[in-house]
Amino acid sequence: MHRRSAVLSYHRGNKPIAPPGYRRHRPEATLLYQLVAEHYAGFRDRRAAEGRPLPRYVEDEFEAYLKCGLLEHGFLRLKCDSCQAEKLVAFSCKRRGFCPSCGARRMAETAALLVDNVLPQQPVRQWVLSLPFALRYLLATRPEVVTQVLGIVYRAISSHLIRKAGLTRASAVTGAVTLIQRFGSALNLNVHFHLLVLDGVYRRAGEGRLRFVPVPAPSTEELKRLVQRIAERIGRSLERSGLITRDIENAYLAFDPSEEASMHGLLGSSITYRIGTGPREGQKVFTLQTLPAEPDAPRREVAESSGFSLHAGIAAKASQRDKVERLARYVSRPPVATERLALTGSGHVRYTLKTPYRDGTTHVIFEPEDFIARLAALVPKPRAHLTRYHGVFAPASPDRVQIVPSTRSAAATERGEVSVSDRQRAMSWAQRLKRVFAIDIETCQQCGGHLRVIASIETPAVIERILEYLGGDAESVDPAHPSRAPPTGDRLV
């Protein structure tokens, strides 16, 4: 089952079979889908008429989203081996931009992978680095520079941990996984890094063995020194590469963005909280401030320097594997939370901030086409990797074999405790659904038998005949089981 969307009941005889607890998520009933369906084509055509067409990869993202989860664009047939009951499973777009359903899938898969196969049972701390506006634009348009910048960030953090443990790079190693987020709470383009870093280092104990040494949380002063070091090193590196120029007070982008001319305005407007299209293009986005402004007091566990911001206030103990998985879900969550999306009485799009700003702002308001522009800016370029592995977690690391949980399974395999096929079998999407949502789609709700895929229906004529036969029952919704939104993650403090 290489594609995923929601599950819909099929027929046995003349009766529809509705598995309790799970129904097709019906994207066409969501406000997000309705806004894209109504306004995307006009936005695309207007950009083309103005000589600023959308790149092909952005158009592909929107067009695929408009087909995601809809039975009329194809589905799988699942059949119970025991009672012969059938279900239909609509295909998904599998895109990385703004699709909430596919984003939720990727979130669940990423979190399960990290907890089960990458992060050992050791303490983990989240380090979050935010970047100045100019660097957000640079990294959004030049994905290859992300590797250069992220390498500097990881080396600075790992060196800090090794020194704090009283060791040297020759005698100790550490590791991290970086989830690169491209969005902010206001649907703004905000490229920043969430690093899940081992809260300690591995000391080389001789004969190739590694021993874990925990490290205390960084102090405020240590964070300040660290963010200053990171800012200075990134500035020097980008200057040597000819990507920025600096004077005494400021830094400026020095590369030619002409290759991104069609997206230049959209990306810049999204980064700087401005309107990206229409007669008010370039003006500030309208906001609602429904709470009193907070005093401008320094934030705990956050250090700032030259537009960089470093936070390291959330950690999980070695025994808190559930918290590690919740944290991994949080940092890999999709950008659009559909439950925070609404229309105003005048037809504008209102989006609620996850956390109010310190000035009391709780909502941002968009014209419908400017909302589409925001979505377009969030689409990553093709082949731009958003998950990176460092140190002992890097695929080429010679120490990885002793650290990652899957290696311990391999050792058990050699002792005959676990079969090779069991160790190598990846967790299926159905298994992840069960793990994250407590939903089981592999088991028949009629008799408890096993469901298996018997056909992939992609021919339009066949699709039309099947859906015509099912009629209204194909789209029926059981009031007892309304469609669900992706999980937003539990509170992590």
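The values are calculated or read from the model by the stated rules, or taken from the named source; none is laboratory data. Because the structure is a prediction, the values reported are computed rather than measured. Glycine also receives a Cβ, built like all others from the backbone with ideal geometry; neighbour counts cover every protein chain displayed. For the accessible areas, the whole protein counts, side chains as well, though only heavy atoms, and no ligand, DNA or RNA atoms are used. Shrake-Rupley method; radii C 1.70, N 1.55, O 1.52, S 1.80 Å.
Among the residues making up the range 172-215, a single one is in contact (Cβ under 8 Å) with a residue 60 or more places away in the chain, under 22 Å from G97 (Cα atoms), open to solvent by less than 20 Å² (accessible area, probe 1.4 Å) and among the small types (G, A, S): A186. With respect to (1) open to solvent by less than 30 Å² (accessible area, probe 1.4 Å); (2) at pLDDT below 90, the lone exception for R47 is condition (2).
One line per residue, one yes/no per condition, for (1) in a loop (DSSP other than H, G, I, E, B); (2) of a type in the set (A, V, I, L, M); (3) surrounded by fewer than 21 Cβ atoms within 10 Å (Cβ to Cβ):
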| residue | (1), (2), (3) |
| --- | --- |
| L32 | no, yes, yes |
| A37 | no, yes, yes |
| F43 | no, no, no |
| G51 | yes, no, yes |
| D60 | no, no, yes |
| A64 | no, yes, yes |
| C68 | yes, no, no |
| L78 | no, yes, no |
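For the range 324-343, a tally of residues being in contact with a helix residue (DSSP H, G or I) (Cβ under 7 Å, 6 or more places away or on another chain), assigned to a helix (DSSP H, G or I) and open to solvent by 20 Å² or more (accessible area, probe 1.4 Å) returns 2.
Does R169 satisfy the condition of being open to solvent by 10 Å² or more (accessible area, probe 1.4 Å) and either touching a helix residue (DSSP H, G or I) at 6+ places or on another chain (Cβ under 6 Å) or under 22 Å from A217 (Cβ atoms) (or both)? In short, yes. Residues in the range 91-111 that are in contact with a Lys or Arg (Cβ under 6 Å, 6 or more places away or on another chain) and either part of a loop (DSSP other than H, G, I, E, B) or open to solvent by less than 20 Å² (accessible area, probe 1.4 Å) (or both): F91, S92, C102, M107, A108, A111.
Summed over the range 173-223, residues that are over 27 Å from H385 (Cα atoms) and within 28 Å of the chain's Cα centre (by Cα) total 3.
Look at the range 113-135: where a residue is buried (at least 17 other Cβ atoms within 10 Å of the Cβ) and a partner is modelled with pLDDT of 95 or more and among the hydroxyl-bearing types (S, T, Y), sitting 6+ places away or on another chain with Cβ atoms under 7 Å, you get S130/S309.
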